[in-house]
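Written out below as structure tokens is the structure these notes cover.
Bear in mind that the values in this text are calculations on the coordinates, not laboratory data. Just so it is clear, the model here is predicted, and its values are computed rather than measured. Cβ placement follows ideal geometry from the backbone for every residue including glycine, while neighbour counts extend to all protein chains displayed.
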Amino acid sequence: MKNFFLIGFISTIIIFLSCGKFEFSPNEVRIKPEYRDLNAKAIYKILNGGNKQSYKIGFIGDTQRFYADVSEFTEVINQIQDIDFVIVSGDLSDFGLLREYEWMHERLSRMSFPYLAVIGNHDILANGDEVFREMYGPLDFSFIHDSVKYIFVNTNGLEYGFNGNVPDMNWLDAELQTGDEVRDILVICHVAPYDRDFDPALSNQFANAMARSEKLLLVMHGHNHNFQINTPFNDGVTYLNSSSPKKDCFVVLSLDREGFSFQKIDL
């Protein structure tokens with residue numbers, strides 16, 4: 001009889017506890033309304049900022065867990081005049097967790113201008129790609145501003161098992177086909193096609209697509225954390241690798257009708 005009452009008591013406690021609030025899971029996706037569609041909100045601000053003869057774009061990537069360094073970056077770039085917006089070349093998070101995304105956005109949103117982000121390989125871990133979609137929007141997207149087309153493309157092939165679908169070359173090829181409304185094109189990604197984490201079956205196809213585009217100005221990417229600018233395929237296409245804030249620098253890219261120039265800024 002005692003055992004019967006003991007079992008009944010324990011069962012009651014379990015049922016009572018199960019009716020309470022569930023504990024937080026690091027993999028949950030409950031996005032605050034103000035943290036949704038961040039790329040679309042940034043694009044809206046950029047498009048409504050008016051047209052100019054030239055633009056200055058901050059460029060950084062691989063912010064990951066370097067919160068103090070990112071805070072320093074936002075303080076420094078806020079002191080630079082005429083920055084129009086900032087591009088983050090991926091790896092906002094380290095493990096793809098919602099709280100990491102939130103912590104990073106809290107810091108990046110301290111900038112005086114909008115920022116755009118492309119997804120990085122670390123951002124895909126756990127259910128990070130779902131978090132990215134909810135917070136920032138589609139993994140592949142583009143927009144046109146003042147005759148410049150910005151194409152953001154997911155190139156993190158390793159995280160998809162090199163399945164031949166990342167990057168989406170059909171989508172990218174279509175985006176590179178433009179009319180007279182586009183003067184120049186910038187392609188922004190995380191993993192460059194010459195990196196071992198890029199799907200090897202698509203590397204040459206990607207590079208050839210870049211080389212065929214007569215309007216392409218630059219491929220902007222991240223992933224290896226170190227600032228670098230080069231032409232790895234000897235085809236005239238320039239690849240610009242952003243720096244991680246942990247490496248104590250970032251890039252300011254200047255665009256005008258004559259092309260582009262850049263300045264490396266030390267933190």
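Miscellaneous remarks
- Calculated from backbone phi, Karplus (6.51, -1.76, 1.60) coupling profile of segment 107-117 in Hz, x at Gly/Pro: 7, 5, 6, 6, 5, 7, 8, x, 9, 10, 9
- Cα gyration tensor, segment 145-267 - rounded (a/c under 1.5), prolate or oblate: oblate
- Rounded to the nearest 500, the 222 nm mean residue ellipticity of the chain from helices alone is -8500 deg cm²/dmol, with -39,500 (n - 2.57) taken per DSSP H run of at least 4 residues.
- Spatial separation of Cα centroids for segment 94-143 and segment 154-210, in angstrom: 19 Å
- Pairs of Lys residues in the chain, spaced 8 or more positions apart or belonging to different chains, with C-alpha separations under 22 angstrom: 17 in total.
- Treating each Cα of segment 2-266 as one equal point scatterer and applying the Debye formula with no solvent, the log10 of I(q)/I(0) at q = 0.15, 0.17 Å⁻¹ comes out as -1.07, -1.39.
- Bridge type composition, the chain - antiparallel percent by DSSP, nearest 5: 50 percent
- Inter-site label distance for residue 67 and residue 162 at 7 Å from Cα along Cβ, in nm: 3.7 nm
- Cα-based shape type of segment 64-130, given that a ≥ b ≥ c are square roots of the gyration tensor eigenvalues and the cut on a/c is 1.5: prolate
- Here the chain is assigned +1 on the Cβ of each Lys and Arg and -1 on the Cβ of each Asp and Glu. Its dipole about the Cα centre then comes out at about 640 debye.
- Of the trypsin sites (Lys or Arg not before Pro) in segment 200-254, the ones in a loop by DSSP (not H, G, I, E or B) with at most 15 other beta carbons within 10 Å are 215.
- Exposure proxy ranking for 147, 242, based on other Cβ atoms within 10 angstrom of each Cβ and starting from the fewest, stands as 147, 242.
- 10 Å Cβ shell holding at most 15 others, DSSP loop, GluC sites (Glu not before Pro): longest site-free stretch of the chain: 29-180
- Shape call, segment 52-178: gyration tensor on alpha carbons, a/c limit 1.5: oblate
- Expressed to the nearest 5 percent, the antiparallel share of DSSP beta bridges inside segment 168-267 is 60 percent.
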